[in-house]
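Heads up, the thing below is written out as structure tokens.
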Amino acid sequence: MKTGKIQTVFFCKNCGYESSKWMGQCPSCREWNTFVEEPVLKTGSKASLADKACAKPRKPVHIDEIGFEESERIPTGFEELDRVLGGGIVESSLILVGGEPGIGKSTILLQLAANLASSGKKVMYISGEESLRQIKLRADRVGKIEGELGFLSETNIENIVAVLEEQDPDVAVIDSIQTMYTDEAGTAPGSITQVRESASRLMMTAKTSKTAIFLVGHVTKEGTVAGPRVLEHMVDTVLYFEGGEEGSYRIIRSAKNRFGSTNEIGVFEMCSDGLKEVMNPSELLLKGRPEDASGAVVACLMEGTRPILMEVQALVTETGFGMPRRQASGIDYNRLNLLLAVLEKRAGFAMSRLDAYVNVTGGMRVTEPATDLAVIMAVISSLRNTVIPSDTIIFGEVGLSGEVRGVAHADLRVREARKLGFKRVILPKTNMQKICGLEGIELIPVRNIQEAASCI
Ligand code: TYD
Ligand code: MG
């Protein structure tokens, strides 16, 4: 580097990939046109940050000397959120809550802060986006706030760290990390360097105190601000808030969790007075289902430890073109093609002359192979124009020879179906031994797709 010239590097705004030159496409996340140029932080400033964090020399300790009890997890007041977090908030942890603007991140964190305060915790809500008056407006909507909940409208990280050190709350919320800036980095708020530096300052504060910190990170399609993905490696837990643009339902799932599983989801509904938990998502996903329609099947998938029932729909029509059209929404397109090929080869249905559209209702994304049999049965039902009784659920994995393979947690799936009033289950034969003591529901074991097709 020549003297007098500021050294710069290029970052991908989406994932934080670093490069010495500009690139059109990011080699890491494959997004186009996401590279931005930012000055390199002076190494001196990084060293000084590290010095601050490790002021006193540390000695290694034996694992038995480390005191940690499970009771140190703080319940959030939302069962749905606790499950996603792995049983509550772990002290000193840094939790990133990502999602598109307007999805409800500020709302849920305000409700969480209010819940914690009313259960006797000391909480701070720091907003860089809204003034105190705007926060009050929102707080009035979601209900009365009691207990020690302090609000601060601030964007300077040095000031925030000073307040956190002085107040030492149990939980702090930073809304959002993209509006924060630190004096150490000379770039604009929202740039990669600022977002990373600000988050690392907050991480040090969390680790050196008992405060658990929630960071809000906006996901924007335009990429005008650095996305939350650039912070994923740094934080303990990453939660993403998802939801249909038209619907009022919101799903929270964890993309990373150092203190729990990443399979769990939490379901919420946005109401006029904030977000409400949806304790039984199956009921919600099956609401308004057409009775006695061909091509509709209720399937059961596991989200972590919880079985969720939802509807799989198929529409099969004769193709008007040489190439049959296939469309999959909610399930993998390639998986659908594979299942249709199995159906053609093993059960003799001439799928190559038919268009097939498959849809999972409620905006769910299904990755579990346990829904294979439901997809196949929905296609057969539409093809033959026969109705599968609406009190039947179907699950099972389908192999390339047309065999129906066993799936995990078959008993949990059957129990959930019985709880919701279903009367029949079509399931893999190999799952039968594990299911016992279930009355009031008829079990129909099948070994392959031909057997399954003869059930309807
Ligand atoms: P918000 O939490 O501000 O989103 P984010 O912080 O993720 O950008 O949510 C804003 C949306 O939620 C807005 O469209 C209005 C709606 N909303 C309700 O429907 N009910 C409520 O009680 C609140 C507070 C917001
Ligand atoms: Mg917000």
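Values quoted throughout were computed directly from the atomic coordinates according to the rules given, and no laboratory measurement underlies them. This structure is a prediction, so every number in the text was calculated from the model and none was measured. Neighbour counts run over all protein chains shown; Cβ positions are idealised from the backbone, glycine included.
Numbers below:
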| read-out | value |
| --- | --- |
| Between 0 and 90°, nearest 10: helix 192-208 axis offset from the chain longest Cα axis | 80 |
| Efficiency of FRET between residue 401 and residue 434 - r from beta-carbon atoms, R0 30 angstrom, step 0.05 | 0.85 |
| Sequence-distant aspartates and glutamates (8 or more away, or on other chains) whose Cα lies within less than 13 Å of residue 434 | 411 |
| Contour excess over end-to-end distance, with Cα ends at residue 30 and residue 136 and 0.36 nm allotted per residue | 34.0 nm |
| Per-residue Cβ neighbour rank within 10 angstrom, fewest leading, 305, 34 | 305, 34 |
| DSSP-assigned coil residues among GluC sites (Glu not before Pro) in the range 287-395, each with at most 14 further Cβ atoms within 10 Å | 291 |
| Förster-model FRET efficiency, 51 Å R0, residue 443 and residue 208, C-beta, rounded to 0.05 | 0.35 |
| Compactness of the chain as Cα Rg over 2.2 N^0.38 Å, two decimals | 1.15 |
| Gain in span if fully extended, residue 79 to residue 64, counting 0.36 nm per residue against the direct Cα distance | 2.3 nm |
| Residue 367 paired with residue 40, simple spin-label distance in nm, labels 7 Å along Cα-to-beta-carbon | 3.7 |
| The range 284-453: equivalent-ellipsoid semi-axes (sqrt of 5 x gyration tensor eigenvalues, Cα, Å) | 25, 17, 14 |
| Degrees between helix 410-419 axis and first principal axis of the chain (Cα, 0 to 90, nearest 10) | 80 |
| Alpha-carbon centroids, the range 392-437 and the range 308-365: separation in whole Å | 21 |
| Extension gain, residue 337 back to residue 166 (0.36 nm per residue minus Cα-Cα distance, nm) | 55.6 nm |
| Two-site label geometry, residue 327 and residue 284: point separation in nm, points 7 Å out along Cα→Cβ | 2.6 |
| Of all DSSP beta bridges in the chain, antiparallel share, percent nearest 5 | 55 |
| Label-point separation, residue 344 to residue 154 (7 Å along Cα→Cβ), nm | 6.5 |
| Distance from the range 228-278 to the range 165-225 (C-alpha centre basis), Å | 19 |
| Sorted by Cβ neighbour density within 10 Å, fewest at the top, the residues 233, 409 | 233, 409 |
| Burial ordering of 136, 21, fewest other beta-carbon atoms within 10 Å first | 21, 136 |
| Cross-link pairs 105/207; 136/276; 136/287 - those with Cα-Cα distance over 31 Å | 136/287 |
